[in-house]
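Data first, discussion second: the structure below is written as structure tokens.
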Amino acid sequence: MDNDIERVLYSVQDIQEACKRLGTQMAEEYKDKNPLIVGVLKGAALFMTDVIRQMDISAELDFIDVSSYHGGTESSGEVKLEHDLSIDVAGRDIIIVEDIIDSGRSLKFMLDLLKERHVNSIKVCTLLDKPSGRVVEAKADYVGFIVPNEFVVGYGLDYRNQYRNLPYVGVLKPAIYENK
Ligand code: 5GP
Ligand code: MG
Ligand code: MG
């Protein structure tokens with residue numbers, strides 16, 4: 001897998017430091033709120049488990065799965081709910097944990113969905129933010145890194161469902177897409 005990576009953007013240590021910084025900040029802000037922390041499958045699975053370990057407060061976890069990408073490196077524009085939450089969110093303080101915000105469509109879809117369910121508050125924590133990709137307005141409250149306009153993989157992020165288990169975030173060699 002390492003052989004397919006052209007360059008590493010965020011190392012294991014960079015990611016660890018970001019999890020610590022964001023987790024500590026959220027723990028401080030949510031210490032008396034018992035937040036419901038919602039991880040977005042599958043991309044945010046690794047980030048979710050690392051960042052919550054930095055939050056020494058009472059909290060609950062749940063997962064949601066939405067899809068907008070259909071296998072390639074370009075978003076299709078259409079967002080679908082693949083798997084809903086299992087916990088009632090009415091009156092709760094929600095933190096959505098995302099891998100990356102690109103066009104903003106997935107995040108907007110989830111915010112619209114959850115707001116209809118009468119939550120008390122919603123904030124968004126994302127490992128990566130790619131502001132150059134925005135098509136709709138969407139803003140994260142806690143951001144690990146601002147990424148350049150490139151397709152990245154690793155640490156949860158996939159290309160055709162591969163590379164999620166890389167421990168760092170990197171850019172694929174162009175030959176990987178060109179051969180497909
Ligand atoms: P958005 O709806 O903001 O365009 O994109 C949301 C989803 O698209 C992300 O959660 C992620 O799954 C996927 N995505 C966006 N940019 C990238 C990228 O650079 N690399 C990978 N692997 N996935 C991306
Ligand atoms: Mg995602
Ligand atoms: Mg994907």
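The values are calculated or read from the model by the stated rules, or taken from the named source; none is laboratory data. Bear in mind that the values here come from a model prediction, so they are computed numbers and not experimental data. Heads up, the Cβs are rebuilt from the backbone with ideal geometry, glycines too, and the neighbour counts pull from every protein chain shown. Note: areas computed on protein heavy atoms with side chains; ligands, DNA, RNA excluded. Shrake-Rupley method; radii C 1.70, N 1.55, O 1.52, S 1.80 Å.
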field: Subset of the stretch 20-42 (residues that are under 23 Å from L111 (Cα atoms), under 20 Å from the mean Cα position of the chain (by Cα) and away from ligand 3 (no atom under 16 Å from the Cβ))
entry: L22, G23, Q25, M26, A27, E29, Y30, P35, L36, I37, V38
message: Anything in the stretch 158-168 that is surrounded by 15 or more Cβ atoms within 10 Å (Cβ to Cβ) and more than 13 Å from ligand 2 (Cβ to nearest atom)? List them, or say none.
response: Y159, Y163, L166, Y168
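Return yes when E82 is acidic (D, E), closer than 25 Å to D50 by Cβ and either within 13 Å of ligand 2 (Cβ to nearest atom) or in a strand (DSSP E or B) (or both) and no when it is not.
Details: acidic (D, E): yes; closer than 25 Å to D50 by Cβ: yes; either within 13 Å of ligand 2 (Cβ to nearest atom) or in a strand (DSSP E or B) (or both): yes.
Here the answer is yes, as E82 does meet what is asked.
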- request: Filter the stretch 52-68 down to the residues that are in a loop (DSSP other than H, G, I, E, B) and among the small types (G, A, S), then identify the one that is nearest to ligand 3 (Cβ to nearest atom).
  value: A59
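One line per residue, one yes/no per condition, for (1) farther than 25 Å from K31 by Cβ; (2) without any contact (Cβ under 8 Å) to a residue 60 or more places away in the chain; (3) surrounded by 13 or more Cβ atoms within 10 Å (Cβ to Cβ):
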site: R53; (1), (2), (3): no, yes, no
site: S58; (1), (2), (3): no, yes, no
site: G77; (1), (2), (3): yes, yes, no
site: V97; (1), (2), (3): no, no, yes
site: I122; (1), (2), (3): no, yes, yes
site: R134; (1), (2), (3): yes, yes, yes
site: E137; (1), (2), (3): yes, yes, no
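Answer yes if at least one residue in the stretch 143-157 is open to solvent by less than 70 Å² (accessible area, probe 1.4 Å), away from ligand 3 (no atom under 13 Å from the Cβ), out of contact with any His (no Cβ under 7 Å at 6 or more places or on another chain) and over 28 Å from M1 (Cβ atoms), and no otherwise. Give the derivation first.
Keep residues of the stretch 143-157 that are open to solvent by less than 70 Å² (accessible area, probe 1.4 Å), which gives 143-145, 147-148, 150-157.
Narrowing the set further to residues that are away from ligand 3 (no atom under 13 Å from the Cβ) leaves 143-145, 147-148, 150.
Within this subset, residues satisfying the condition of being out of contact with any His (no Cβ under 7 Å at 6 or more places or on another chain) are 143-145, 147-148, 150.
With over 28 Å from M1 (Cβ atoms) added as a condition, the list becomes none.
Scanning the stretch 143-157, I find no residue that is open to solvent by less than 70 Å² (accessible area, probe 1.4 Å), away from ligand 3 (no atom under 13 Å from the Cβ), out of contact with any His (no Cβ under 7 Å at 6 or more places or on another chain) and over 28 Å from M1 (Cβ atoms), so the answer is no.
How many of the residues making up the stretch 16-33 are in a helix (DSSP H, G or I) and either of a type in the set (A, V, I, L, M) or within 19 Å of I96 (Cβ to Cβ) (or both)? Lay out the reasoning, then the answer.
Just the residues of the stretch 16-33 that are in a helix (DSSP H, G or I), to begin with: 16-29.
Still in the running and either of a type in the set (A, V, I, L, M) or within 19 Å of I96 (Cβ to Cβ) (or both): 18-19, 21-29.
Residues flagged as in a helix (DSSP H, G or I) and either of a type in the set (A, V, I, L, M) or within 19 Å of I96 (Cβ to Cβ) (or both) within the stretch 16-33 amount to 11.
Would you say E150 is in contact with a strand residue (DSSP E or B) (Cβ under 7 Å, 6 or more places away or on another chain), modelled with pLDDT under 95 and within 12 Å of ligand 1 (Cβ to nearest atom)? First the steps, then the outcome.
Details: in contact with a strand residue (DSSP E or B) (Cβ under 7 Å, 6 or more places away or on another chain): yes; modelled with pLDDT under 95: yes; within 12 Å of ligand 1 (Cβ to nearest atom): yes.
So E150 fits the description; yes.
Table: residues versus (1) within 13 Å of ligand 3 (Cβ to nearest atom); (2) part of a loop (DSSP other than H, G, I, E, B); (3) among the hydrophobic types (A, V, I, L, M, F, W, C).
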{"residue": "D99", "(1), (2), (3)": "yes, no, no"}
{"residue": "D112", "(1), (2), (3)": "no, no, no"}
{"residue": "L127", "(1), (2), (3)": "no, no, yes"}
{"residue": "V136", "(1), (2), (3)": "no, yes, yes"}
{"residue": "N165", "(1), (2), (3)": "no, yes, no"}
{"residue": "G170", "(1), (2), (3)": "no, no, no"}
{"residue": "A175", "(1), (2), (3)": "no, no, yes"}
